1. When only alpha-carbon atoms are used, what values of Rg and Dmax, in angstrom, describe the chain?
2. In nm, what is the difference between 0.36 nm times the number of residues separating residue 121 and residue 328 and their Cα-Cα distance?
3. Counting other beta carbons within 10 Å of each residue's own, what order do 344, 34 fall into, fewest first?
4. Which angle between 0 and 90 degrees, to the nearest 10, do you get for helix 303-314 versus the longest principal axis of the chain when only C-alpha atoms count?
5. Please sort 220-231, 252-263 by packing, taking for each peptide the average over its residues of neighbouring beta carbons within 10 angstrom, highest first.
6. If you find the alpha carbon centre of segment 251-271 and of segment 298-333, how far apart are they in angstrom?
7. Helix-derived [θ] at 222 nm for the chain: sum -39500 (n - 2.57) over DSSP H runs of at least 4, divide by residue count, nearest 500?
8. Under the classification rounded if a/c is under 1.5, otherwise prolate if a/b is larger than b/c and oblate if not, where does segment 92-198 fall, given a ≥ b ≥ c as square roots of the Cα gyration tensor eigenvalues?
């Protein structure tokens, strides 16, 4: 379960991690010190690029700014809450996170002095990654390593690392990320953002006051079209026929050091109905992926339905599309797709993987779930 930033910050407060003074839009204190930063609360990244984080210079601008933001969408997510925070004057932006590494099945501590940008875009030499034994937790030598890597005094960074670990452990999280972690000129560290994903299987006792979730996210819109969609944070959308094939394809894409933006299992209705297939592709395009990989095998349906939808909605588009299809009318479908320079069609999975490695954008690196 992803938390909104303001929920993550509430958790941070509980664990004594410093944050700026902040309020939900309908609770802004009369004593608030302007300028404030108005931040749209959505369960996806890319807020800055979408113009969903705005400076409010004085109280007179407050209402207008909030109204504008509440009418926005970020990557297909409707903004239903706005959080306002006092502006922090900082000297440096750092990055600190603990994330479950799916391959190692264990937590990893990640630190970088390149905070404030998408971690997927940070070059590997600027990232420090330390695997953590979940039974022993974070050790002093790890903190010293991070302090040396970030060129900071050990005690300040150690304190915040222990606190992040306490959030991660105490709240049964899959990800606790502070990006940016602001460092003020006096060396004080303040969490500029809070990205927290909690394990959905855990029974929640400690944190009852979650904000209402906006309906109509990507998952919900897919299910209306008869498909199953799961949104992640990477670059490439994987669309398959059948959940087993989906997971296998997902692992394959990750093994090529690519990250997945969403996973879609087509389901019966979509593969027989061109209009539904086109609508589904429209939903996928709202996620702004860097590429799409279709991997389907139809026993009964014709490949032509999907191929027609792919051609009409993605042909000649700005990003590469790899289509690996087997089934009825696969040859005609491949011919139809071959006229578009951004669509690569093949029957062979190995070839598809090679094309993905070569053509599909996105940095390799740690996968955010």
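1. Cα radius of gyration and Dmax of the chain are 22.3, 69 Å respectively.
2. 70.4 nm
3. Starting with the residue having the fewest Cβ neighbours, the order is 34, 344.
4. 50
5. 252-263, 220-231
6. If we compute the Cα centre of each part, the gap is 15 Å.
7. When only DSSP H runs of four or more count, the value is -9500 deg cm²/dmol.
8. rounded
Readers should treat all values here as calculations from the given coordinates under stated rules, not as data from a laboratory. These numbers were taken from a predicted model, which means no experiment stands behind them. No Cβ is skipped: glycine too gets one built from the backbone with ideal geometry, and neighbour counts run over all protein chains shown.
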